[in-house]
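The values are calculated or read from the model by the stated rules, or taken from the named source; none is laboratory data. Everything numeric here is computed off the predicted structure, so don't read it as measured data. Cβ atoms come from the backbone with ideal geometry, glycine included; neighbour counts cover every protein chain shown.
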Amino acid sequence: MSQENNVPVLTIDGPGGAGKGTVCQLVAKKLGWHLLDSGALYRLTALAAEKHGVALDNEESVAVLAKHLDVQFLPQDEGLMQTILEGEDVSLDIRTEHIAGHASRVAALPAVREALLSRQRDFAQEPGLVADGRDMGTVVFTHAPCKIYLTASAEERAKRRLLQLKEKGLEGDVKQILSEIIQRDERDMSREVAPLRPAKDALVVESTNMSIEQVLDVVMTELGR
Ligand code: DC
């Protein structure tokens, strides 16, 4: 199914740690819409490459892995998603900073982005889709009627990322997370294909001093709900 199928789509793009994941889960739950965590697809591609011993700069082979990812997303309580890759639960494995870094590298490969395009568009199903990513509004769902670009300062995002890791029982060091966030922003924003930037018709929400509830209010108002 393509983006022309008239299914309502809300896109939320922005840098890592801005709170997109949480906001998208809450909005999807409120509206009863489907949820696309496109970052998970890049993380899964990076993990699959590692598992199969494929070098991250081997664009053709990584794209083949991306195209044929054997993945299942199983919704759990409270908006959480269990992620199964090749029959194995990798929900935690794909959330490490190590895999995040590798995901950012495979995401810079044009053939990989192309390989994941139709898989992402297939998520647009009735009654609607909340799409979380970096290029949802600029590339994947350009006709989406409602686009948000959610951002926050790098320092604030590092703090939020550390909190998220702790909640998942994972360790982290705020200084290291901050330097990884800055590196990842740089890579995501400067790549040639689908660089991270707000769509021309996106509402930019700077959330450094906002609570999740305040962001949620802005999104729901923009949606006209
Ligand atoms: O949102 P995330 O941290 O799970 O994303 C992991 C990486 O995937 C991130 O560095 C950028 C990349 N990504 C992308 O290039 N395009 C998307 N639509 C989503 C994520």
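Residues checked against (1) at pLDDT 95 or above; (2) among the aromatic types (Phe, Trp, Tyr); (3) over 19 Å from Val71 (Cβ atoms):
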| site | (1), (2), (3) |
| --- | --- |
| Glu97 | no, no, yes |
| Ala103 | yes, no, no |
| Val112 | yes, no, no |
| Pro127 | yes, no, yes |
| Phe141 | yes, yes, yes |
| Ser153 | yes, no, yes |
- Item | Index of the failed condition, Phe73 passing every other in (1) under 23 Å from Val215 (Cβ atoms); (2) free of Cβ contacts under 8 Å to residues at least 60 places away in the same chain; (3) aromatic (Phe, Trp, Tyr) | (1)
- 1 or more residues surrounded by fewer than 23 Cβ atoms within 10 Å (Cβ to Cβ) and out of contact with any Gly (no Cβ under 7 Å at 6 or more places or on another chain): qualifying strands (runs of 3 or more DSSP E) within the range 1-94: 34-37, 71-75, 81-85
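Residue by residue, here is whether (1) hydrophobic (A, V, I, L, M, F, W, C); (2) within 16 Å of the ligand (Cβ to nearest atom); (3) within 18 Å of the chain's Cα centre (by Cα) holds:
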| position | (1), (2), (3) |
| --- | --- |
| Ile182 | yes, yes, yes |
| Glu186 | no, yes, yes |
| Ser190 | no, yes, yes |
| Ala194 | yes, yes, yes |
| Arg197 | no, yes, yes |
| Lys200 | no, no, no |
| Asn209 | no, no, no |
| Gln214 | no, no, no |
| Val219 | yes, no, yes |
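Which residue, of Lys166, Lys147, is loosely packed, with under 13 Cβ neighbours inside 10 Å and more than 16 Å from His98 (Cβ to Cβ)? Reasoning before the result, please.
On the way: Lys147 fails: loosely packed, with under 13 Cβ neighbours inside 10 Å.
Result: Lys166 is the single residue among Lys166, Lys147 that is loosely packed, with under 13 Cβ neighbours inside 10 Å and more than 16 Å from His98 (Cβ to Cβ).
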- Message: Just to be sure before I move on: is Gln125 surrounded by fewer than 15 Cβ atoms within 10 Å (Cβ to Cβ) and farther than 30 Å from Val204 by Cα in the structure I sent?
- Response: no
- Task: Sort out which residues of the range 108-142 are within 8 Å of the ligand (Cβ to nearest atom) and either basic (Lys, Arg) or closer than 26 Å to Gly169 by Cβ (or both), and write them in order of number.
- Result: Arg113, Asp132, Gly133, Arg134
- How many of the residues in the range 168-221 are over 30 Å from Glu114 (Cβ atoms) and assigned to a helix (DSSP H, G or I)? 15
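Results for (1) out of contact with any strand residue (DSSP E or B) (no Cβ under 7 Å at 6 or more places or on another chain); (2) within 23 Å of Met189 (Cβ to Cβ); (3) away from the ligand (no atom under 13 Å from the Cβ), shown as yes or no for each residue.
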residue: Gly17; (1), (2), (3): yes, yes, no
residue: Cys24; (1), (2), (3): no, yes, no
residue: Lys29; (1), (2), (3): yes, no, yes
residue: His34; (1), (2), (3): no, no, yes
residue: Asp37; (1), (2), (3): no, yes, no
residue: Arg43; (1), (2), (3): yes, yes, no
residue: Ala46; (1), (2), (3): yes, yes, no
residue: Asp77; (1), (2), (3): yes, no, yes
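Answer yes if at least one residue in the range 109-127 is within 13 Å of Gly39 (Cα to Cα) and not in a helix (DSSP H, G or I), and no otherwise. Talk me through it step by step, then tell me what you get.
Of all residues in the range 109-127, those within 13 Å of Gly39 (Cα to Cα) come to 112-113, 116-117, 119-120.
Still in the list and also not in a helix (DSSP H, G or I): none.
No, the range 109-127 contains no residue that is within 13 Å of Gly39 (Cα to Cα) and not in a helix (DSSP H, G or I).
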- Message: Based on this model, can you work out whether Glu186 counts as touching a residue at least 60 places away in the same chain (Cβ under 8 Å) and surrounded by fewer than 13 Cβ atoms within 10 Å (Cβ to Cβ)?
- Response: no
